[in-house]
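Engineer: Sharing a structure below in structure tokens format, with a few things to ask.
The values are calculated or read from the model by the stated rules, or taken from the named source; none is laboratory data. Keep in mind the model is a prediction, meaning the values are calculated, not measured. Protein only, heavy atoms only, side chains kept; ligands, DNA and RNA dropped before computing areas. Shrake-Rupley method; radii C 1.70, N 1.55, O 1.52, S 1.80 Å.
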Amino acid sequence: MAFGCAIGWGAFVMPGTTFLPAAGPAGTVIALAAGMAVIAMIGVSFSWLMKRSGGTGGVYSYTKAALEAGMNAHIAKPVDVEKLRHTLSAIFEE
């Protein structure tokens with residue numbers, strides 16, 4: 001439901017209420033095409049990663065392998081430089 005709402009809002013509501021008044025029809029088409037290109041690149045990268053992890057449940061397999069390799073740190077935005085330094089030094093000390 002949330003995914004459908006996000007797609008519906010971004011694809012149908014935003015162009016008519018936000019993009020058209022500011023950018024006009026040509027700007028809206030260009031913006032949607034640029035967004036589609038970025039999403040396509042993300043999808044291809046995601047697909048490549050899932051194929052490399054093998055087996056059924058590609059997302060689960062990839063996440064499990066990443067966590068087993070030690071990719072379990074998370075730094076939220078806005079980036080706190082001191083926290084980033086501390087996290088990186090902890091990773092590289094292992």
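Engineer: Scan (1) in a helix (DSSP H, G or I); (2) closer than 30 Å to P15 by Cα; (3) open to solvent by 100 Å² or more (accessible area, probe 1.4 Å) for the single condition S47 breaks and write down its number.
Structural biologist: (3)
Engineer: From the set of residues in region 20-44 that are closer than 30 Å to I91 by Cα and open to solvent by 70 Å² or more (accessible area, probe 1.4 Å), which is farthest from the chain's Cα centre (by Cα)?
Structural biologist: Here the residue is V44.
Engineer: Hey, can you tell me all the residues within region 63-91 that are under 27 Å from W48 (Cα atoms), open to solvent by 80 Å² or more (accessible area, probe 1.4 Å) and in a helix (DSSP H, G or I)?
Structural biologist: Within region 63-91, K64, L67, E68 qualify.
Engineer: Of everything in region 66-94, what is more than 19 Å from the chain's Cα centre (by Cα) and of a type in the set (G, A, S)? Give them in sequence order.
Structural biologist: Result: A69, G70, S89, A90.
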